[in-house]
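As structure tokens, the structure follows; a few thoughts come after it.
The values are calculated or read from the model by the stated rules, or taken from the named source; none is laboratory data. Keep in mind that what you see is a predicted model, and the values were worked out from it rather than measured. Glycine also receives a Cβ, built like all others from the backbone with ideal geometry; neighbour counts cover every protein chain displayed.
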Amino acid sequence: MGTNRLNTKRNLIFTGFILPAFIGYFIFYILPILLTFVYSFTDWSLFKPKMSFIGIENFTRLFQDSDVLTGIRNSVVYAILMTIFQNALAIPLAIALNQQLKSKNILRMVFFAPAVLSPLVVGYLWSYLMSSTDYGLINQLLGYMGLGPINFLGDPNIALFSVIFTQVWQWTGYAMIIYLANLQSISTEMYEAANIDGANSWQKFWKMTLPMLIPSITFNTVMSMIGGLKVFDVVFSMTKGGPGHSTETIVMTLMTKGISEGQYGYGSAFAVVFSIMIMIVVLIQLKVLKRWEDKVF
């Protein structure tokens, strides 16, 4: 009897510690998600504060909105290219900096340093460097080489790729650190055995290094894809979605439709679709990577 009373008292104490965090989590996370789902079926807007239920009208309207479709397309292109280039550069960079180089610690710091900067700062920095006016450093260098100026952020055909370049520059070092930590956990005895068997560098990379990097590849590619799909700050600081809608992403469109234009119900429907889209993409990605991992191990 005394033991049960002691357990009950201990559980009440633990509940008392957990309850404030749970209440905050429910109010600031769970409740907004539930309300967003409810609002997505209403016509609530700045001009119609008294909302009414309209079913799936917001959702059908979404896929007929050219601005929304453009934002989705730009975000998907951004996320895919960002994931590919960031990881394709980070893996060889991590392997190179895992060697016995005298300057490896300095080089690691140099490559990782951009990741500690705010994306807004990076965006404003690169918009200055890529400027097509007289003070744009890159175009000044091109002028010294006898080449004409390139309108990196004003040409709708290359503006999105210019933004992607800046983010590959910023986040490749972060992915490199993850791969580097994974590489340092691989036993050197495996490579010694491979050397005895006469394996060359390419064979060791494909048969040993790359399969052992699967955990960090999964983490980096999933995080890159999620970050790419919800990118906002760097695009806002560099192009504000322009020129036209050539760099406008899902989140920027969501902010415009749901907040700037005061279409709260429509914006909520967009947020619901966006969340489901991210979940589907991540689940597919994890399933594909899990199959690769099962095949290897």
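Restricting the search to the range 105-124, which residues are within 15 Å of Lys240 (Cα to Cα) and buried (at least 16 other Cβ atoms within 10 Å of the Cβ)? Those that are within 15 Å of Lys240 (Cα to Cα) and buried (at least 16 other Cβ atoms within 10 Å of the Cβ): Pro119, Val122, Gly123.
Within the range 125-150, being of a type in the set (S, T, N, Q), crowded, with 19+ Cβ neighbours inside 10 Å and without any contact (Cβ under 8 Å) to a residue 40 or more places away in the chain holds for Ser131, Asn139. Taking residues in the range 58-82 that are farther than 15 Å from Ser246 by Cα, and partners anywhere that are outside any helix (DSSP H, G or I) and of a type in the set (Phe, Trp, Tyr), the pairs with Cβ atoms closer than 8 Å and at least 6 places apart or on different chains are Asn58/Phe41.
Among residues of the range 259-276 that are in contact (Cβ under 8 Å) with a residue 24 or more places away in the chain and within 17 Å of Phe232 (Cα to Cα), those with a Cβ under 7 angstrom from a residue that is part of a helix (DSSP H, G or I) and of a type in the set (Ser, Thr, Tyr), sequence gap 6+ or separate chain, pair up as Ala271/Thr36. Gly227 meets all of the listed conditions (1) surrounded by fewer than 17 Cβ atoms within 10 Å (Cβ to Cβ); (2) closer than 29 Å to Tyr128 by Cβ but one, namely (1).
Being out of contact with any Gly (no Cβ under 9 Å at 6 or more places or on another chain), more than 27 Å from Ile226 (Cα to Cα) and surrounded by fewer than 12 Cβ atoms within 10 Å (Cβ to Cβ) holds for only one residue in Asn157, Asn195, and it is Asn195.
Answer yes if at least one residue in the range 29-47 is farther than 28 Å from Met225 by Cα, acidic (Asp, Glu) and part of a helix (DSSP H, G or I), and no otherwise. No, every residue in the range 29-47 fails to be farther than 28 Å from Met225 by Cα, acidic (Asp, Glu) and part of a helix (DSSP H, G or I). The single condition among (1) closer than 30 Å to Ile178 by Cα; (2) surrounded by 15 or more Cβ atoms within 10 Å (Cβ to Cβ) that Val68 does not satisfy is (1). So, Phe17, is that one surrounded by 11 or more Cβ atoms within 10 Å (Cβ to Cβ) and either under 22 Å from Lys257 (Cα atoms) or modelled with pLDDT of 85 or more (or both) or not? Against the criterion (surrounded by 11 or more Cβ atoms within 10 Å (Cβ to Cβ) and either under 22 Å from Lys257 (Cα atoms) or modelled with pLDDT of 85 or more (or both)), Phe17 does not qualify.
Taken together, the residues in the range 191-231 that are hydroxyl-bearing (Ser, Thr, Tyr), in contact (Cβ under 8 Å) with a residue 60 or more places away in the chain and under 24 Å from Leu81 (Cβ atoms) amount to 3. Filtered by the rule that a residue be surrounded by fewer than 22 Cβ atoms within 10 Å (Cβ to Cβ) and over 28 Å from Gly71 (Cα atoms), the range 160-179 gives Ile177, Ile178. Kindly indicate whether Lys287 is without any contact (Cβ under 8 Å) to a residue 60 or more places away in the chain and under 19 Å from the mean Cα position of the chain (by Cα). When the stated conditions are applied, Lys287 passes them. If only residues of the range 198-208 that are out of contact with any helix residue (DSSP H, G or I) (no Cβ under 7 Å at 6 or more places or on another chain) and in a helix (DSSP H, G or I) are counted, the one that is surrounded by the fewest Cβ atoms within 10 Å (Cβ to Cβ) is Trp202.
Just name the residue that is nearest to Trp171 (Cα to Cα) out of those in the range 209-247 that are assigned to a helix (DSSP H, G or I) and in contact with a Pro (Cβ under 6 Å, 6 or more places away or on another chain).
Filtering the range 209-247 for residues that are assigned to a helix (DSSP H, G or I) and in contact with a Pro (Cβ under 6 Å, 6 or more places away or on another chain), the one nearest to Trp171 (Cα to Cα) comes out as Val234.
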